[in-house]
Amino acid sequence: MNMLGGISHEFLTHLSTYHALHPQKEILVFPSMPYLASLSDKFKGLIGAQNVCHVSGFAAMTGESSAHQLNDLGIEFALVGHSERRTLFFESDERLEQKISSLMDQNMGVVFCCGESIEVRNQGQHFAWVEKQLSGLIPHLTPSRANRVVIAYEPIWAIGTGKIPSYSEIEAMHGHIRTFLQNRFGSEAASMVRIIYGGSCNEKNAKEIFSLPNVDGGLIGGASMDWSAFQTICDSV
């Protein structure tokens, strides 16, 4: 819930120019909901939605927006399962699976967020925790849909705190997720799923993080508030 419309437009103008020079890079920005319609007209292909209701058609769901409506705007991806949605809005694994289903019904892509608390990490249960979170995604992840799915690993204790797992811890979790996918869908489909890292990823550490095995990019929060910093992160890929 940052940036007003004019600032968002300015940011995306910079990004559009940058992307024209680097078309091979996959970059999406997720603006606040009130600006999606106006921004999507000019910046199609560069915008995703921060949230989606689990109803894919029309319904009496005041204040929500559906995958059907987002698709009508030309939005191709939406975030699902961000820790703030899980903790502040009490979204259960069941509700998140319904959201995934609604997006898949519209042939939209999913950026699925997962990650553990510091308590779960300290108990040594972080791998099992993330596997459980991924269980809602698995029924909808087929080989033909693999390239429309992005898994964003964000340890909750690293989001906006400046703390970050060691590079070996990031590598271990991303490798575990990749193996988890391989065991269910085979190596070819698993390799098509982008697994990205979030949680205090910034212009100073992005290059090292993105160079780790099975880290295909980043889900950037606070560091995306400044175009210069964000461009440095994009240059790191």
(message) Restricting to DSSP H runs of at least four residues, report the calculated mean residue ellipticity at 222 nm for the chain, -39500 (n - 2.57) per run over all residues, nearest 500 deg cm²/dmol.
(response) -12500 deg cm²/dmol
(request) Filter the trypsin sites (Lys or Arg not before Pro) in region 106-180 to those in DSSP coil with at most 14 other Cβ atoms within 10 Å of their Cβ, and list the result. (result) K163
(request) Just list whichever of K99/K163; K42/K132; K44/K163; K44/K207 have alpha carbons separated by over 32 Å in the model shown. (result) K42/K132; K44/K163
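Once you keep just the Cα pairs under 8 angstrom separated by 6 or more residues, what percentage relative contact order results for the chain? Display every interim value, and only then the final one.
Values: 362 pairs, mean separation 31.0, N = 237.
Relative contact order comes out at 13 percent.
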(request) Can you run the Rg to Rh ratio on the chain? Use alpha carbon positions and the Kirkwood inverse-distance Rh. (result) 0.94
(request) Using Cα centres only, tell me the gap between region 1-62 and region 142-171 in whole Å. (result) 21
(request) Using θ = phi - 60° and the Karplus relation 6.51 cos²θ - 1.76 cosθ + 1.60, list the HN-Hα couplings for region 211-221 in order, rounded to whole Hz, with x at every Gly or Pro. (result) 7, 6, x, 6, 9, 9, x, x, 9, 9, x
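All of the numbers you see were taken from the coordinates with simple rules; none came from a lab. It should be emphasised that the depicted structure is a prediction, and the values quoted were computed from it without experimental measurement. Because the Cβ atoms are built from the backbone with ideal geometry, glycine has one as well, and the counts that use them run over all protein chains shown.
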